[in-house]
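See below for the structure under consideration.
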Amino acid sequence: MDDGAGVVGSPVHHDPHEGDAEGSETGMERTYDVVVIGGGPAGENVAGRAVEHGLEVALVEEELLGGECSYWACMPSKALLRPTEALAAARRLPSVEAALTGTLDVAAVLRSRDAFTSHLDDTGQQQWVEGAGVTLERGRGRLAGERLVEVTRADGQRATLTARRGVVVATGSRAAWPPIPGLAESGAWDNRAATTTQEVPRRLVVLGGGVVGVELAQAFARLGSEAVTVVEMADRLLPREEPFAGEELAAALAGDGVDVRTGLRATAVERAGPGAPVTLRLEGGGDVEADELLVAVGRRPATDDLGLERVGLASGGFLPVDDRLVVDGVEGDWLLAVGDVNGRSLLTHTGKYQARIAADLLADLPAIAWGDREATPRVVFTDPQVAAVGRTEAEAREAGLAVRTVRYGTGDVAGAALLGKGVAGTSQLVIDDDRDVILGATFTGPGVGELLHAATIAIVGEVSLDVLWHAVPAFPTVSEVWLRLLETDGR
């Protein structure tokens, strides 16, 4: 297997500490070792780590440094979910429930959400980038040829950046917008509108039962929306996860008053004008009227208007890469893509993992990305949480592997009982019969995301179950479910 050492950055072998190590500048032309397009988590991590390797780096960003996750996705959505999760946890304890008085301060929740997103101000991020020794280029970055990036600033001025070693595309993704008649004109919300709203809608319909859809449906239901409806085209919520995860989550959402409808296709959206009610037409009837419609059917790569045609690539799609994160179809191995934009794993933490790999490769260090293929950790921060890593049972069987599964109730250990009444859930391992190692794990229940890293380590390390048996879980913790899973498997 090619480890990529000495490939990315070739044929240029420039010593960043000699000659024009401070960067050459002629008018609006500048030269760096590495140019990164996109200042979200993946782009920032490429830039910061490459500088640590002694490379000179420019980071190009036209929006807020920190990207989607910091301002419109991961952080604000969890800030909306956490207060009601804490309240629900307190209510599970009879000794505490009686002490709860009053109602949730929704305005305070929204203010806290705004604080977590720095009030959409990236001054702190800019200070970090510049403090790390990265040169920030504000503007729209486009590929202009081999190792060339053109930056168009807000005032219309342009600069051309040349990369001695490589260009990294880290432009992320945007909300996908399905071709439903009337949707484009309806003023529907995407994740950005939903996570920055200053008002909780009285009635909300969510199109899509994936991670974004279920998290925000529960958030608004618990924050005071009188009617929340989730419409999912597949036959269950979270269709990419184990079936039991979607089923248990649907029951929990129903307990919060959410109307969950699966196996339905939206055929049209109607809205008379701004501020008017919106109607989601469904195939076979059962239309839904609401005050706001949230579209959460997936993500699309942010590769439009990126200049891809200048390097022989089509615009608008994901940028397929090899395990060195080098983009397929571009000669010279100088163009890399990390994060959502390459389609390998649309998660912040895997994008940051890829970024570290890419920075090492650009510094001619041996590195290969495989953890994002074999052991991608995923957490849905609803209550109950859904946490999974590696392959589902269906994925393992589709790959032709001989597997067995073992399950145990997440709530059936002493540590879970201490969390309060009604704590339940399911823990499952997918085990390779031939090698007796874990291929995948799924946990449902309160706070089970904290169980996930142990499973990730077991999968990445290919730890046999005979060895894993000697990893003794502390009592009384929920992690004791690991012992029960192994016992159920016959250990």
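As an equivalent ellipsoid, the chain spans semi-axes of 40, 30, 21 angstrom, where each value is the square root of five times an eigenvalue of the C-alpha gyration tensor, largest first.
Ellipsoid semi-axes for segment 226-286, based on the Cα gyration tensor and the rule √(5λ), read 25, 15, 8 Å when sorted largest first. What separates the Cα centres of segment 320-358 and segment 393-433 is a distance of 32 Å.
For segment 145-231, the percent of C-alpha pairs falling in each 10 Å distance bin, counted from 0 to the bin holding the largest distance, reads 13, 33, 20, 18, 15, 2.
Taken over the Cα atoms of segment 313-405, the convex hull encloses 136 Å³ per residue. Note on segment 119-266: percent of Cα-Cα distances in each 5 Å bin, starting at 0 and stopping at the bin with the largest distance, equals 2, 7, 13, 14, 13, 11, 9, 10, 11, 8, 3, 0. The alpha carbons of segment 251-338 stretch over 55, 34, 24 Å along the principal axes, in descending order.
In this structure segment 158-257 gives 37 Å² per residue of accessible area when probed at 1.4 Å with all protein chains present. Rounded to the nearest Hz, the phi-derived 3J(HN,Hα) couplings of segment 84-99 under the Karplus curve 6.51 cos²θ - 1.76 cosθ + 1.60 (θ = phi - 60°) are 6, 5, 5, 5, 5, 5, 5, 5, 6, 9, x, 6, 9, 3, 5, 7, where x marks glycine and proline. Remark: the GLU185-THR152 segment gains 8.9 nm on full extension, using 0.36 nm per residue and subtracting the alpha carbon distance.
Ligands, DNA and RNA left out, the accessible area of the chain computed with a 1.4 Å probe is 51% carbon and sulfur.
Summed over all non-identical Cα pairs, the Kirkwood treatment of segment 41-141 gives a radius of 16.1 Å.
The values are calculated or read from the model by the stated rules, or taken from the named source; none is laboratory data. Note that this is a predicted model, so its numbers are computed, not measured. What goes into the accessible areas is simple: the full protein's heavy atoms, side chains included, and nothing from ligands, DNA or RNA. Shrake-Rupley method; radii C 1.70, N 1.55, O 1.52, S 1.80 Å.
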